[in-house]
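These notes concern the structure reproduced below.
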Amino acid sequence: MDHLRGKALLAAGFHMPERGHVEQLQNALIVIGDDGAIITVLRPGENGYAEQKSAYRAAGTLVTLPEGSYLLPGFVDLHVHAPQYPQLGNALDVPLEVWLHKYTFPLEARYADTAFARQTYRLLVDDLIANGTTTALYFATIHQDATRILADTCLERGQRAVIGKVAMDNAEQCPDYYRDASPDAAIRGTEDLIGYISRHPDNGEALVRPAITPRFIPSCTDATLQGLGELAKQCGCHVQTHCSESDWEHGYVIARHGVTDTESLDRFGLLGRRSVLAHANFITGKDMATIHARKSAIAHCPLSNAYFANAVFPLQAALEKGLHVGLGTDISGGPSGSMFDSMRSAIMAARLLESGVDPDLATANRSRRAGARIDFRDAFYLATTGGGVALDLPVGHFSQGYQFDAMVIDSMAERGTIRLWDDLDRGEHILQKILYTASKPNIAGVWIGGRQAL
């Protein structure tokens, strides 16, 4: 695959600019500018299609996807704990609070070692790109140097990213060996990272952006939450945190503040257009109304929720209320870095929420969530356009002015897992099979901002 800046791509594929409608591209001509943004998308028969196709071909700047290849928007992963990658697949048999203190905090503390950070982050970013993730929202650690290395790595590898140095200073909930020394240290560390990323000499196109990142309310003192809220108002940066993730976490916040996570975060000024709340399994109807009013977003993490949340997020209800929602792998609470797995898990979780799971109950009494299911279309939207909307970034679909972040799915890859039949699989059936059966070997190429990343 070639770099595509200043070129045109002739391709078949799929995208979803709007939820509920899959748009199939057939021999579409996508023209990409020198800045990586899409100049135009022309279909056969439209004005200018034949002329531009001929012109780019004559100039040697027309790239044509081979037969059996399908173009998809790059995935947007709204929740990744970058330092947890070494424990992917481990320690999934304990409650969240045990998982944090016994396994996760000791691992994250190791990122004081910059060599360890550099090795891990290179592996992570390369692996996510190879899985089709072109944009990632990253939690890092409390360490300034290691978090800067993560930003450097994303710039070197060409991955679009929003990155936050984790703020956590509450001595009652954070271990002595792994926490910010004070509210001032947590806030200044966040400010320092914002400055580093914003002024990075290789980040002129803002490929990487900073995020204000209170880990979650239990890990932060009120002074830190207040200071980070004021900082968010000043800089307009993204904000990311966990929200009502588990019985323990949700109950802790109510006991400490007398209100839910959502209400508390709002009081501290941490809910805004660029705020992303991970999990949100226990949010109330009132919480949903607040999140909607603030135009904040939810990172739905169905795979990790199965292990740590103690509940299923009411996804369909959130979508019906107009909330911005995307998907997150939640490495390493979720034991997979593939957004394909996140999509499949989202569909499965919604179906189980609708049908109920207790066989001892009569069918009529088994479910309390009629209409909770989603289908592959919803999952595809959440993994692409939904993620772009959540981050307020021009990514997630192939439209004029949007960045050309894309992957090529080779349905005939020798070691792939997609099997298509010419007389059976057409239109959306092809996309459905891709989403349910594709694996890493089927991803033949990745572009981010028109630049080849894989």
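The values are calculated or read from the model by the stated rules, or taken from the named source; none is laboratory data. In this text, all values refer to a predicted model and were calculated from it rather than measured experimentally. Positions of Cβ are backbone-derived with ideal geometry, glycine not excepted, and every protein chain shown enters the neighbour counts. Note: accessible area is taken over every heavy atom of the protein model, side chains too, but ligands, DNA and RNA are not part of it. Shrake-Rupley method; radii C 1.70, N 1.55, O 1.52, S 1.80 Å.
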Name every residue in the range 233-258 that is under 20 Å from Ala390 (Cα atoms), surrounded by 14 or more Cβ atoms within 10 Å (Cβ to Cβ) and out of contact with any Phe, Trp or Tyr (no Cβ under 6 Å at 6 or more places or on another chain), in order of residue number. Cys235, Cys237, His238, Val239, Gln240, Cys243, Glu245
For the range 404-436, enumerate the residues that are open to solvent by 100 Å² or more (accessible area, probe 1.4 Å) and basic (Lys, Arg). Arg415, Arg419, Arg426
Tally, over the range 315-329, of residues that are closer than 22 Å to Ser367 by Cβ, open to solvent by 10 Å² or more (accessible area, probe 1.4 Å) and touching a residue at least 40 places away in the same chain (Cβ under 8 Å): 3
Positions within the range 95-120 being among the β-branched types (Val, Ile, Thr) and over 23 Å from the mean Cα position of the chain (by Cα), in sequence order: Val98, Thr114
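Here is a yes/no grid of residues against (1) closer than 25 Å to Ile331 by Cβ; (2) among the polar types (S, T, N, Q):
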site	(1), (2)
Val41	no, no
Ser69	no, yes
Gly89	yes, no
Glu97	yes, no
Under 8 Å between Cβ atoms, which residue pairs at least 6 apart in sequence (or on different chains) link something in the range 224-238 that is under 14 Å from Ser182 (Cβ atoms) with a partner that is at pLDDT below 95 and open to solvent by 10 Å² or more (accessible area, probe 1.4 Å)? none
Filter pass, Arg369 being modelled with pLDDT under 95, open to solvent by 50 Å² or more (accessible area, probe 1.4 Å) and under 22 Å from Pro17 (Cα atoms): no
Could you identify the single residue in Val98, Val94, Val125 that is in contact with a Cys (Cβ under 8 Å, 6 or more places away or on another chain) and without any contact (Cβ under 8 Å) to a residue 60 or more places away in the chain? Val125
Mind listing just one residue for me: the one in the range 305-314 that is in contact with a Gly (Cβ under 9 Å, 6 or more places away or on another chain) and within 14 Å of Ala350 (Cα to Cα) and, of those, surrounded by the fewest Cβ atoms within 10 Å (Cβ to Cβ)? Ala306
Can you name the residue in the range 437-448 that is surrounded by fewer than 23 Cβ atoms within 10 Å (Cβ to Cβ) and within 19 Å of the chain's Cα centre (by Cα) and, of all such residues, is farthest from Ser336 (Cα to Cα)? Ile443
Taking Arg377 as the residue in question, decide whether it is within 15 Å of Met16 (Cβ to Cβ), among the basic types (Lys, Arg) and either modelled with pLDDT of 95 or more or surrounded by fewer than 17 Cβ atoms within 10 Å (Cβ to Cβ) (or both). yes
